[in-house]
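K.L.:
One structure is given below, represented as C-alpha cells, and several questions about it will come after.
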Amino acid sequence: MSEKEQVENKNKVVTRFAPSPTGFMHVGGIRTALYAWLWAKKNNGTFILRIEDTDKEREVRGSIEHIIESLNWLGINWHEGPNIGGPHASYLQSERLDLYKKYAQILINKGLAYPDPYTEEEVGVFRDTAELAKKPFLYREHRPEVFDKWDGAKPLRFKTPEIKSYKWNDLVYGNLSAGPEALDDFILIKSDGYPTYNFAHIVDDIEMCVTHVMRGQEFISSTPKFLSIYEALGIKPPFYATLPPIMGSDGKKKLGKRDGAKDVLEYRNEGYLPEAMINFLALLGWNPGDEREIFTVDELIEAFDISRIGHSGAQMNLEKLDWINKEHIKKLSKEELRNNIFKYLPDEIKIEKIIPIISERISKWSDITEMIKRGELDFFYKEPIYSKEKLIYKDSTQEEISNNIKNIILKLDEIDENSFSKEKVKECLNLVSQETGKSGAILHPVRFALSGLDRSPDPFIIAEILGKNETLLRLQKAL
Ligand code: GLU
C-alpha cells in the first residue's frame, strides 16, 4: 500500500473473498463471501473478489466462471475484481507473479528467505527419518548454514526468524494462540514460479489494503506462519474473523451432500430465490440478537455485525431454507410471482386465477414441476379420471349423492356465465347443504367431480377457474 493510499484508506473497511478455482462453489464458500460482503457494505467499505489460482495442479477448468456466476446470481457484487478490474488489478494471482517476487526479494534482502538446496528425494529422506523417530518433520532443522543466491529454479523458503508462540485476537473467537510447532521454514515461491497460498494471500492482503479477513477454522493453525511473515515485513496484520463450521442437519457431522453441501447453482436450478438464499446463509452462523428471521438484503446489511457471529457449528437445515424461501415468495410483486410461476406451467393452464392456488402450495419454484409430475394440476386442463365409488361420501347412498348433484347442477345453471365466481358457486353449494343438512355429501362429490382428487383446492375456486360450461359438464359426467 502506498503512503497516499494509507492516508486515504484510514478507517475504510476492506474485505475480500479469495476462492481457489478448484471446483464448484458450495454453501460454505458462499457464506464466507456473503459475510465479507455484508461487512464491507455495512461499513461503506470495499469488497474485493480475488481468485487464488496459484495451485495449477488443483485448478479445475471453468471454476472461475462458476464462482462469478454463483456470486452474480446471489447479487454479491464486488467493487474490485475480475471483469471490472480496480486499482490493484490484476485480481487473478497467476497474473501477479512479479509482485510476489518483489516481496520475496524484500525478505531475501533481510536475510529472511533462501533457496531450498535439497532435492525432493533428500527432503523425502528427512521426512522419513523424522517419521521413524516418531518426531514431527521440521524443515528448519535442516536449514542450510549458507544460502545460495536464488535464481528461481529452486523453491524459495522463509527463514522463520523466531520460533515462538503467537497470541492474537480473533474477532469471533477472541484470544487465540498457537505454539511454535506451527512454525517452519515454509515455501514462499515454488520452483514453478508460483507462490504458495501462505505467502501470496499475505502479499495481496497487504497490497489490496485488506482490513478484515474472514475465513474458515482450517486457517487457525497456520496463523502463526502468517503472523511471522507480517512481522518479518514489519507490517501490521489485518483483523481476523474466523467463521464457525457448517454442520449437517443433525448438528454433529460435517456437512454432507444430503444436507445440501452441493453446488450453490443447484439451488438456483431448484428454484430458490437469491434473496432467500442470502437470508438463509446469513443466519447460518450469525444471528441478529432478536427474534427476526426474515430479512431483505438491505435489512441484513443494516443488522449484520461480526460480534454476533457464533462460535459453535451452524446447522444446515433445508426445511428452514424452504420456509425462508416461501416467506420471500410472499414478498414478491404480483407481476414477479406471475412471471416465475408461468415459467413452470404448461401453456394450457397459464391462467391468472391459478397463481394463488399454486403459490399457496409451494416453497420453491421446482415444487410446481413436482405438482405437475404428481398430476396435481392435471384437472385444470384435462378431464379427471376416477372411479365412481369415489363420489360417495362416507355413509351416504348413491341415490343421495345423485340427487345432490342434480340439485347442484340446477342451481349452478341459474348463475349467469359471466358472473360464475367462486362466491356465487359457494352460495349455491351452501344452499343445497342447508336443504340436505349434510355439507360433506355436497362438497365431497363436487370436489371429486371437478378434480378427481381427495385433496384439491377449494371446489368453488376450481369451478370458477374451469368456468360454468366445464363445471357443469364435469358434474353431468359424474351424474
Ligand atoms: N484461497 C483460499 C481458499 O479458497 C482462501 C483462504 C483465505 O480466505 O485466506 O481456501
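K.L.:
Could you tell me whether any residue of the range 72-79 is polar (S, T, N, Q), in a loop (DSSP other than H, G, I, E, B) and at pLDDT 95 or above?
P.N.:
Start the filter on the range 72-79 by keeping residues that are polar (S, T, N, Q), which leaves 72, 77.
Within this subset, residues satisfying the condition of being in a loop (DSSP other than H, G, I, E, B) are 77.
From what's left, at pLDDT 95 or above: 77.
Looking for residues that are polar (S, T, N, Q), in a loop (DSSP other than H, G, I, E, B) and at pLDDT 95 or above, one finds at least one in the range 72-79, hence yes.
K.L.:
Of the residues in the range 149-172, how many are away from the ligand (no atom under 16 Å from the Cβ) and in contact with a strand residue (DSSP E or B) (Cβ under 7 Å, 6 or more places away or on another chain)? Spell out how you get there, then give the answer.
P.N.:
Let us first name the residues in the range 149-172 that are away from the ligand (no atom under 16 Å from the Cβ), namely 149-167, 169.
So of that shortlist, the ones also in contact with a strand residue (DSSP E or B) (Cβ under 7 Å, 6 or more places away or on another chain) come out as 150, 154-159, 165-167, 169.
Counting residues in the range 149-172 that are away from the ligand (no atom under 16 Å from the Cβ) and in contact with a strand residue (DSSP E or B) (Cβ under 7 Å, 6 or more places away or on another chain) gives 11.
K.L.:
Collect the residues in the range 175-196 that are modelled with pLDDT of 95 or more, open to solvent by 20 Å² or more (accessible area, probe 1.4 Å) and assigned to a strand (DSSP E or B), keeping them in residue-number order.
P.N.:
N175, L176, I187
K.L.:
Then there is this: Could you please find all residues in the range 197-230 being surrounded by fewer than 19 Cβ atoms within 10 Å (Cβ to Cβ), in a loop (DSSP other than H, G, I, E, B) and within 13 Å of the ligand (Cβ to nearest atom)?
P.N.:
Residues satisfying the conditions are I220, S222.
K.L.:
Name the single residue that is surrounded by the most Cβ atoms within 10 Å (Cβ to Cβ) among those in the range 33-45 being touching a residue at least 60 places away in the same chain (Cβ under 8 Å) and more than 19 Å from the chain's Cα centre (by Cα).
P.N.:
G45
K.L.:
Another one. May I ask you to list the residues in the range 47-72 that are free of Cβ contacts under 8 Å to residues at least 60 places away in the same chain and farther than 19 Å from E95 by Cβ? So that I can check it myself, show each step before the final result.
P.N.:
As a first pass, look at the range 47-72 and keep what is free of Cβ contacts under 8 Å to residues at least 60 places away in the same chain: 47, 49, 51, 53, 57-65, 67-68, 71-72.
Of everything in the range 47-72, those that are free of Cβ contacts under 8 Å to residues at least 60 places away in the same chain and farther than 19 Å from E95 by Cβ turn out to be F47, L71, N72.
K.L.:
Are there any helices (runs of 4 or more DSSP H) wholly within the range 265-350 with 3 or more residues that are touching a residue at least 40 places away in the same chain (Cβ under 8 Å), and if so which? Walk me through how you get there before you give the answer.
P.N.:
Working: elements: 274-282, 297-303, 318-330, 334-344.
Because the criterion is at least 3 residues that are touching a residue at least 40 places away in the same chain (Cβ under 8 Å), the helices (runs of 4 or more DSSP H) in the range 265-350 that meet it are 274-282, 297-303, 318-330.
K.L.:
If you check I67, I30, I48, which single one turns out to be over 17 Å from E302 (Cα atoms), in contact with an Asp or Glu (Cβ under 7 Å, 6 or more places away or on another chain) and either open to solvent by less than 40 Å² (accessible area, probe 1.4 Å) or away from the ligand (no atom under 14 Å from the Cβ) (or both)? Give the steps one after another, and end with the answer.
P.N.:
Numbers: I67 fails: in contact with an Asp or Glu (Cβ under 7 Å, 6 or more places away or on another chain); I30 fails: in contact with an Asp or Glu (Cβ under 7 Å, 6 or more places away or on another chain).
Of the residues listed, the single one that is over 17 Å from E302 (Cα atoms), in contact with an Asp or Glu (Cβ under 7 Å, 6 or more places away or on another chain) and either open to solvent by less than 40 Å² (accessible area, probe 1.4 Å) or away from the ligand (no atom under 14 Å from the Cβ) (or both) is I48.
K.L.:
I'd like the full set of residues that are away from the ligand (no atom under 12 Å from the Cβ) and either part of a loop (DSSP other than H, G, I, E, B) or hydroxyl-bearing (S, T, Y) (or both), limited to the range 9-27. Outline the logic, then answer.
P.N.:
Step one: of the range 9-27, the residues away from the ligand (no atom under 12 Å from the Cβ) are 9-14, 24, 27.
Within the range 9-27, K10, N11, K12, V13, F24 qualify.
K.L.:
Something else now. Taking K388 as the residue in question, decide whether it is open to solvent by 70 Å² or more (accessible area, probe 1.4 Å) and either in contact with a strand residue (DSSP E or B) (Cβ under 7 Å, 6 or more places away or on another chain) or at pLDDT 90 or above (or both).
P.N.:
Details: open to solvent by 70 Å² or more (accessible area, probe 1.4 Å): yes; either in contact with a strand residue (DSSP E or B) (Cβ under 7 Å, 6 or more places away or on another chain) or at pLDDT 90 or above (or both): no.
So K388 does not fit the description; no.
K.L.:
Another question, then. Within the range 144-153, is there a residue that is assigned to a loop (DSSP other than H, G, I, E, B), under 26 Å from I51 (Cα atoms) and touching a residue at least 12 places away in the same chain (Cβ under 8 Å)?
P.N.:
Let us first name the residues in the range 144-153 that are assigned to a loop (DSSP other than H, G, I, E, B), namely 144-153.
Still in the running and under 26 Å from I51 (Cα atoms): 152-153.
Checking the rest, the ones that are also touching a residue at least 12 places away in the same chain (Cβ under 8 Å) come to 152-153.
Looking for residues that are assigned to a loop (DSSP other than H, G, I, E, B), under 26 Å from I51 (Cα atoms) and touching a residue at least 12 places away in the same chain (Cβ under 8 Å), one finds at least one in the range 144-153, hence yes.
K.L.:
Given the structure, is S419 farther than 30 Å from F342 by Cα, open to solvent by less than 80 Å² (accessible area, probe 1.4 Å) and either of a type in the set (G, A, S) or at pLDDT 95 or above (or both)? I'd like the intermediate steps shown before the answer.
P.N.:
Details: farther than 30 Å from F342 by Cα: no; open to solvent by less than 80 Å² (accessible area, probe 1.4 Å): yes; either of a type in the set (G, A, S) or at pLDDT 95 or above (or both): yes.
Criteria not met by S419.
K.L.:
May I pose another question? When both residues are 6+ apart or on different chains and their Cβ atoms are under 6 Å apart, which pairs have a first residue that lies in the range 182-196 and is under 17 Å from R58 (Cβ atoms), and a second that is of a type in the set (D, E, K, R) and modelled with pLDDT of 95 or more?
P.N.:
I187/R157
K.L.:
Here is a follow-up. What is the residue count in the range 88-140 for residues that are open to solvent by 20 Å² or more (accessible area, probe 1.4 Å) and without any contact (Cβ under 8 Å) to a residue 12 or more places away in the chain?
P.N.:
So the answer is 22.
K.L.:
Here is a follow-up. All but one of (1) open to solvent by 20 Å² or more (accessible area, probe 1.4 Å); (2) within 17 Å of L188 (Cα to Cα); (3) within 31 Å of the chain's Cα centre (by Cα); (4) away from the ligand (no atom under 14 Å from the Cβ) hold for L233, so report the exception by its number.
P.N.:
In the conditions (1) open to solvent by 20 Å² or more (accessible area, probe 1.4 Å); (2) within 17 Å of L188 (Cα to Cα); (3) within 31 Å of the chain's Cα centre (by Cα); (4) away from the ligand (no atom under 14 Å from the Cβ), L233 misses (3) alone.
K.L.:
Considering only the range 389-412, state which residues are of a type in the set (K, R) and without any contact (Cβ under 8 Å) to a residue 40 or more places away in the chain.
P.N.:
Initial filter on the range 389-412 (of a type in the set (K, R)): 390, 394, 406, 411.
Across the range 389-412, the qualifying residue is only K411.
The values are calculated or read from the model by the stated rules, or taken from the named source; none is laboratory data. All of these numbers come straight from a predicted model, not from anything done at the bench. Glycine also receives a Cβ, built like all others from the backbone with ideal geometry; neighbour counts cover every protein chain displayed. Just the protein is used for accessible areas: all its heavy atoms, side chains included, with ligands, DNA and RNA removed. Shrake-Rupley method; radii C 1.70, N 1.55, O 1.52, S 1.80 Å.
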